[in-house]
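Chemist: Structure in structure tokens, see below.
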Amino acid sequence: MREDSVTQNQLSPGVVPGRLDPGAYDENFADLHPPLDDHEALVAADRCYFCHDAPCITACPTEIDIPLFIRQIATGTPEAAAKTILTQNILGGMCARVCPTETLCEEACVREIAEGKPVLIGQLQRYSTDTLMEKGEHPFNRAAPTGKRVAVVGAGPAGLACAHRLALHGHELALYDGHDKPGGLNEYGIAAYKTVDDFAQDEVEWLLEIGGITVETGQRLGRDMSLAALREGFDAVFLGLGLGAVNALGLEDEDKDGMADAVDFIADLRQAADLSRLPIGRDVVVIGGGMTAIDAAVQAKLLGALNVTLVYRRGRDRMNASRFERDLAASKGVHIVTNAQPVAVHGNGAVREVEFEYTDDDLSPTGARFRLPADQVFKAIGQALEGEGLPRLDGRKIAVTGAGRTSVERVWAGGDCAAGGEDLTVTAVAEGRDAAEDIHKSLMG
Ligand SMILES: Cc1cc2nc3c(=O)[nH]c(=O)nc-3n(C[C@H](O)[C@H](O)[C@H](O)COP(=O)(O)OP(=O)(O)OC[C@H]3O[C@@H](n4cnc5c(N)ncnc54)[C@H](O)[C@@H]3O)c2cc1C
Ligand code: SF4
């Protein structure tokens, strides 16, 4: 046993690794929803009414024919079910793991409305896509080459979905990403317990089996290439850049030791070969109310932090994180404080306390203050678009019309970097796919 795992425990002060017994990490970061077996899948599929005008379909941003794929599972053809899903959503495997189904398809399911218990659409989707991928099958074939070349910048869900759909239509794709690995936030952002066993990379490899896509990582737009050069060298360009910058709290001393961006912490966690070596505080404070804040708080707790407090400036009902996510955090022991915003960071060199002030519903300060002890603070108050020389913006994102057309001719955008839409994996896939169809139409005249 390593020295740090002997000497550190949950009570140790500071930001240290190895707070838990070595075996606890695997247990804590195991699959959040273990996969259904064949029998469980048949039982779950049997609950579907195969509704005409099914509300679950319209609630899905990629409009998967849910009753059809569930019927295909019920009749013992999960591979056909997978093709139904993947035709609409090529990252159906990841979306089955990460979609907030409780606010999308499963919320709309008639069995949820009638009985408070939806058909397990997400888990059935995972069952069928996993079955197909485990067989190593790629169920799509490319059309004859068109001779057209398209550059896709950003290999996250939007870029991957766009590249796959264009490759399917016979175009040649160059997919660039600034990171070392493709996948975007599937690889660097999603909570570890939602996508275990390196699924994000397996899915990218599987997706690339379509052919016609070259991937170049470590290539940044604005540093290694310009938009003008891409427009010159390719027939069309798709930007799926995501939101690479992080909003600041705007407080003095917000760079004290122990203060970090939640997305950086999560990326480090996702890339860690050994979680017992990842340092974590004893008293952790997370500031924010969305999925990133919840994921940082839950994973800090799972790494062995003794006290994790998530503080959000508005009321609980205004949190962007879904009820399921909030309940998950509470079940792991995360303490959630609402209607409070940070006003000062205290500590000599390193953070020791964060001071908050309670707020009214309209965010006006009430004058009542409190302090939370903290040796580590994660800021999760939103991400922003990064980069210069981009097409015209609408607010803080790239302005688009129709299926992702930007202000620059032959340049499309989609996913988190584009204005409109929710910042979800499934929305990014839908936007990448729809932009690809529009690019295809415009290229083929
Ligand atoms: C911590 C966290 C947890 C989340 N959890 C969930 C969840 O559970 N469920 C869910 O539905 N959604 C979740 N989301 C949201 C979801 O991950 C995003 O909506 C989705 O990944 C957006 O896809 P995208 O392709 O637009 O962008 P991204 O996934 O961000 O991918 C953008 C890619 O572009 C690359 N890039 C950026 N700039 C450049 C450049 N200049 N040159 C080259 N490459 C560049 C980046 O390296 C990156 O690979 C989460 C987000 C975060 C931050
Ligand atoms: S709404 Fe529910 S019951 Fe109806 S088709 Fe969709 S999953 Fe089946």
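Chemist: Taking GLY189 and the conditions (1) open to solvent by 50 Å² or more (accessible area, probe 1.4 Å); (2) of a type in the set (Gly, Ala, Ser); (3) under 23 Å from the mean Cα position of the chain (by Cα), which numbered condition does it fall short on, given that it satisfies the others?
Modeler: For GLY189, the failing item is (1).
Chemist: Another question, then. In region 259-292, what residues are more than 11 Å from ligand 1 (Cβ to nearest atom), open to solvent by less than 30 Å² (accessible area, probe 1.4 Å), within 24 Å of ALA340 (Cβ to Cβ) and not acidic (Asp, Glu)?
Modeler: MET259, ILE280, GLY281, VAL284, VAL285, VAL286, ILE287, GLY289
Chemist: LEU185: of a type outside the set (D, E, K, R), within 15 Å of ligand 1 (Cβ to nearest atom) and in contact with a Cys (Cβ under 6 Å, 6 or more places away or on another chain), yes or no? First the steps, then the outcome.
Modeler: Values: of a type outside the set (D, E, K, R): yes; within 15 Å of ligand 1 (Cβ to nearest atom): yes; in contact with a Cys (Cβ under 6 Å, 6 or more places away or on another chain): no.
When the stated conditions are applied, LEU185 does not pass them.
Chemist: Hey, another quick one. Out of the residues in region 108-125 meeting the condition of being surrounded by fewer than 24 Cβ atoms within 10 Å (Cβ to Cβ) and under 20 Å from the mean Cα position of the chain (by Cα), tell me which one is nearest to ILE66 (Cα to Cα).
Modeler: The qualifying residue nearest to ILE66 (Cα to Cα) is GLY122.
Chemist: A further question on this structure: Output the strands (runs of 3 or more DSSP E) that fall wholly within region 349-391 and possess 2 or more residues being basic (Lys, Arg) and surrounded by 17 or more Cβ atoms within 10 Å (Cβ to Cβ), or say none.
Modeler: On the way: elements: 353-359, 365-373, 376-379.
Result: empty, no element qualifies.
Chemist: Tell me, please, whether a residue that is away from ligand 2 (no atom under 16 Å from the Cβ), within 30 Å of ASP31 (Cβ to Cβ) and open to solvent by less than 50 Å² (accessible area, probe 1.4 Å) can be found in region 168-177. Working first, answer last.
Modeler: Filtering region 168-177 down to residues away from ligand 2 (no atom under 16 Å from the Cβ) leaves 168-177.
Subsequent filtering for residues that are within 30 Å of ASP31 (Cβ to Cβ) retains 175, 177.
Applying the additional criterion that residues be open to solvent by less than 50 Å² (accessible area, probe 1.4 Å) yields 175, 177.
Yes, because at least one residue in region 168-177 is away from ligand 2 (no atom under 16 Å from the Cβ), within 30 Å of ASP31 (Cβ to Cβ) and open to solvent by less than 50 Å² (accessible area, probe 1.4 Å).
Chemist: Considering ARG410, ARG405, ARG396, which residue is more than 16 Å from ligand 2 (Cβ to nearest atom) and either out of contact with any Phe, Trp or Tyr (no Cβ under 9 Å at 6 or more places or on another chain) or among the polar types (S, T, N, Q) (or both)? If you could, list the steps in order and put the result at the bottom.
Modeler: Values: ARG410 fails: either out of contact with any Phe, Trp or Tyr (no Cβ under 9 Å at 6 or more places or on another chain) or among the polar types (S, T, N, Q) (or both); ARG405 fails: either out of contact with any Phe, Trp or Tyr (no Cβ under 9 Å at 6 or more places or on another chain) or among the polar types (S, T, N, Q) (or both).
Testing whether each residue is more than 16 Å from ligand 2 (Cβ to nearest atom) and either out of contact with any Phe, Trp or Tyr (no Cβ under 9 Å at 6 or more places or on another chain) or among the polar types (S, T, N, Q) (or both) leaves just ARG396.
Chemist: A follow-up question, please. Select, from GLN125, GLN88, the only residue that is out of contact with any Ser or Thr (no Cβ under 8 Å at 6 or more places or on another chain), at pLDDT 95 or above and under 24 Å from GLY183 (Cβ atoms). Can you show your working first?
Modeler: Numbers: GLN88 fails: out of contact with any Ser or Thr (no Cβ under 8 Å at 6 or more places or on another chain).
The unique qualifying residue is GLN125.
Chemist: Filter region 412-435 down to residues that are under 11 Å from PRO157 (Cα atoms) and more than 9 Å from ligand 1 (Cβ to nearest atom) and give me whichever is least open to solvent (accessible area, probe 1.4 Å).
Modeler: ALA430
Chemist: In region 136-157, what residues are of a type outside the set (Val, Ile, Thr) and under 26 Å from the mean Cα position of the chain (by Cα)?
Modeler: GLY136, GLU137, HIS138, PRO139, PHE140, ALA151, GLY154, ALA155, GLY156, PRO157
Chemist: Another question, if that's okay. May I ask you to verify whether CYS162 is within 16 Å of ligand 2 (Cβ to nearest atom), modelled with pLDDT of 95 or more and open to solvent by less than 20 Å² (accessible area, probe 1.4 Å)? Working first, answer last.
Modeler: Values: within 16 Å of ligand 2 (Cβ to nearest atom): no; modelled with pLDDT of 95 or more: yes; open to solvent by less than 20 Å² (accessible area, probe 1.4 Å): yes.
For CYS162, the condition - within 16 Å of ligand 2 (Cβ to nearest atom), modelled with pLDDT of 95 or more and open to solvent by less than 20 Å² (accessible area, probe 1.4 Å) - is not met.
Chemist: Looking at region 31-59, which of the residues that are under 25 Å from ALA192 (Cα atoms) and part of a loop (DSSP other than H, G, I, E, B) is farthest from ligand 1 (Cβ to nearest atom)?
Modeler: The selected residue is ASP37.
Chemist: For region 267-307, which positions are out of contact with any Leu (no Cβ under 8 Å at 6 or more places or on another chain), more than 21 Å from GLY184 (Cβ to Cβ) and part of a helix (DSSP H, G or I)?
Modeler: ARG277, ALA300, LYS301, LEU302
Chemist: Look at GLN72 and say whether it is within 16 Å of ligand 1 (Cβ to nearest atom) and open to solvent by 20 Å² or more (accessible area, probe 1.4 Å). Reasoning before the result, please.
Modeler: Details: within 16 Å of ligand 1 (Cβ to nearest atom): no; open to solvent by 20 Å² or more (accessible area, probe 1.4 Å): yes.
No: the conditions fail for GLN72.
The values are calculated or read from the model by the stated rules, or taken from the named source; none is laboratory data. This one's a predicted model, so the numbers in the text were calculated from it and none came from an experiment. Don't worry about glycine lacking a Cβ; one is built from the backbone with ideal geometry, like all the others, and counts go over all protein chains shown. What goes into the accessible areas is simple: the full protein's heavy atoms, side chains included, and nothing from ligands, DNA or RNA. Shrake-Rupley method; radii C 1.70, N 1.55, O 1.52, S 1.80 Å.
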